[in-house]
Amino acid sequence: MKYLHNAAVAGILFFSFTAIGKAGDYDSGKELILNDKAPALVTPSLDTRFRYEYGDIDTLAVSHAATVRNRLGLLTRKMGGFQAYAEYEGTLVVDRSDYFAPGTELPTGQTPIADPESHELNQAWVSYHSPSDVWGLKVGRQAINLDGQRWIGTVGWRQNMQTFDAAGFTINPTEDLSIYYGYIWQVNRIFGSEAFLAPFTDFKGQSHVFNATYTGLPFGKLTAYVYSLDLHNLAGDINSNDSFGFFLAGDFFGDSSYYLEYAFQTDGSNSPIDYEANYVHANLSKKFGAIKATAGLEYLGADNGRGFAFPLATLHKFNGFADVFLNTPAGGLSDAYLSIGTELAGVKFAAAYHYFWDDGFDVTIGQEFDLVASKAITENVSILGKAAFFDGNGAQPDVTRAIIEMNIKY
């Protein structure tokens, strides 16, 4: 009943603010005049996702997760450079017994699907932008997505968004240079408001995130970063690390592009593991008419039994959609991949193949084939289907995942 009451209140607020935002002046005896030129004081938003996910790890029982995720937000208009936003997020589960949601329950012998039932304040922030937009500041619970989200991201694939209690400062001293600094004191992870198992609980600490991009190079853009992550939860400080790196990205020959990244990582803050590891990611892309093909290699080194770690990344975007390598193996990971994408009759298609070794290219871990199709039905409604097939080698079990979903956004 509590959730029904909350939903009713949110619905009343949604339609009330919509009415307030659109109504113009009213003169007695005249028709109501809509004033579309005057911006609404508050703009509501709705983001709903219906999803079914199938998960099958060879050594575990099959899982079926049917979930519905709702986000209700209110964004103020800019006033004197200031703006504010608040958003509720709730995920409902049709049948909790059909799958295992890590973090919110003890292992059940079923394949894990990280979409637990959850209800929380997803975002609540205030921002200020200077009149010329040379600098800006955002403070509060917020979404942070840096570059391709390999290091810092909101994990938008999962139903429950990862958000950050943080202060973020952005400055653009020249047209070609942008700098971001973020101070993060809490990470609200995807495992939701009810997570109680130690490894899955939220992170607290004093993390510093620095990212600078220069776009004035003739051959592309250069981004340099320093991520000093102090991440403490009930499992301790094992996820704390310090990373230093850069990447170059650009186009050549008109229809081709390249990407080259290097990073070095060590244990950070109070981490109990002493290690040093390297990271390299390189790829080339080329368009053949309506088809875009990409070939690349991503290398995650390891040291002292600890693989190169990305504790705040949108991990689903990398190393295969079967989510086998959300945690880098102790012996590291090398991922050689090939992907193609195109659009036909308004439907976007993509396919990818991955072949995995350890960081020494000595041990084959497995291979994976991924498929994705998506289509925008209307401006506000879209559908998506995704499948991943991982063929494990040695002790690595086979994994199959399939997802179908509908997204509604206003």
Helix-only CD estimate at 222 nm, as mean residue ellipticity for the chain, using -39500 (n - 2.57) per DSSP H run (n ≥ 4)
-2000 deg cm²/dmol
If the convex hull of the alpha-carbon atoms of region 136-282 is projected onto planes in all directions, what is the mean projected area in square nanometres?
10.1 nm²
Hey, if you put +1 on the Cβ of every Lys and Arg and -1 on every Asp and Glu Cβ in the chain, which of I113, T59, Y183 ends up farthest toward the positive end of that dipole?
Y183
With Cα springs under 10 Å, the Gaussian network model of the chain assigns the largest mean-square fluctuation among V363, V226, V187 to V363
How large is Rg/Rh for the chain, to two decimals, with Cα atoms and a Kirkwood Rh?
0.98
So if I average 1/r over every pair of distinct C-alpha atoms in region 110-198 and take the inverse, what Kirkwood radius in Å does that give?
14.7 Å
Under Stokes-Einstein, with the Kirkwood radius over Cα pairs standing in for Rh, what whole-number D in µm²/s applies to region 168-216 at 4 °C and 1.567 mPa s?
99 µm²/s
Got a sec? Which residues in region 166-203 would a label at V139 touch, if it sits 7 Å along Cα→Cβ and we count backbone N under 12 Å?
166-169
Viscosity 0.890 mPa s, 25 °C: Kirkwood-radius Stokes-Einstein D of region 304-410 over Cα pairs, µm²/s:
160 µm²/s
With 29 Å as the limit, write out which pairs from K287/K409; K138/K287; K78/K375; K204/K386; K286/K375 have Cα-Cα distances beyond it, or answer none.
K287/K409; K138/K287; K78/K375; K204/K386
State, in angstrom, two size descriptors of region 225-354 derived from its alpha carbons: Rg to one decimal place and Dmax to the nearest whole number.
17.1, 54
Equivalent ellipsoid semi-axes for region 187-270, as square roots of 5 times the alpha carbon gyration tensor eigenvalues: give them largest first, rounded to whole Å.
35, 15, 10
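Quick note: the coordinates plus some simple rules give every number you see, no bench work behind them. Worth saying up front: this structure is predicted, and the values here are computed from it rather than measured. Note that we place each Cβ from the backbone using ideal geometry, even for glycine, and neighbour counts take in every protein chain shown.
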